[in-house]
Structure formats: structure tokens, C-alpha cells
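Report on one structure; see the data block that follows.
The values are calculated or read from the model by the stated rules, or taken from the named source; none is laboratory data. Here the structure is a predicted model, which is why all the values come from computation and not from measurement. For accessibility, only protein heavy atoms count, side chains too; no ligands or nucleic acids. Shrake-Rupley method; radii C 1.70, N 1.55, O 1.52, S 1.80 Å.
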Amino acid sequence: MENVLSQVGISKFAFQRKVRKLNNMMRNLTGKAKPCPMCGSERIYLKEPTYEGIFDVKIQCADCGLMGFKSFIRGAKNPVEKTIDYWNTRKGN
């Protein structure tokens, strides 16, 4: 791995720091969100919002990339739960 990292000009430490930052920005929703309606994957992630002004809460399938989002204003109650409910809504529900 270090050979690949040196080829792209990034140190192992910097790479690990970027991975930790990305992991902190994404929340794994496996078990809370229904499988992806396009590919059936259960690997669903939510991007942590900034909660500033008007903000989007984005939810995405890790396999096919299908994404949905809901927009909220600062002070909105339960924006993450509302976005999960939005994702879990299927035709006929």
C-alpha cells in the first residue's frame, strides 16, 4: 500500500487521516435504512450535515451510488430521522 501511496504523492499518515475524516462524515445506516431500491444493497450511508442555515441531509447507497436528500433549516427537529424515513418510503407504503 505504501508503494501506491508514494506513487500518488501522499504519506501513509495523511491517507489514514483522510480516511478517519471521511468515516466521521459518513454514518453507516445498515439495519436502520431499508435496502437500496435500485440494487438491493444494505450498505446505506448518511453524510453528516453541517446544521448551518439551510442544509441538506444526504443518504446514499454505497454500491450503486443512488442518492436521496432532504433539505432543512437550522433548528429543524430530527432531520436525520426524517431523511431515513424518506429513504425508507416505498411506493405503496
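Annotations for the structure displayed:
- Scanning the stretch 73-89 turns up no residue that is in a strand (DSSP E or B) and open to solvent by less than 90 Å² (accessible area, probe 1.4 Å).
- Within the stretch 76-91, tally of residues that are within 13 Å of Pro49 (Cα to Cα), polar (S, T, N, Q) and more than 14 Å from the chain's Cα centre (by Cα): 1
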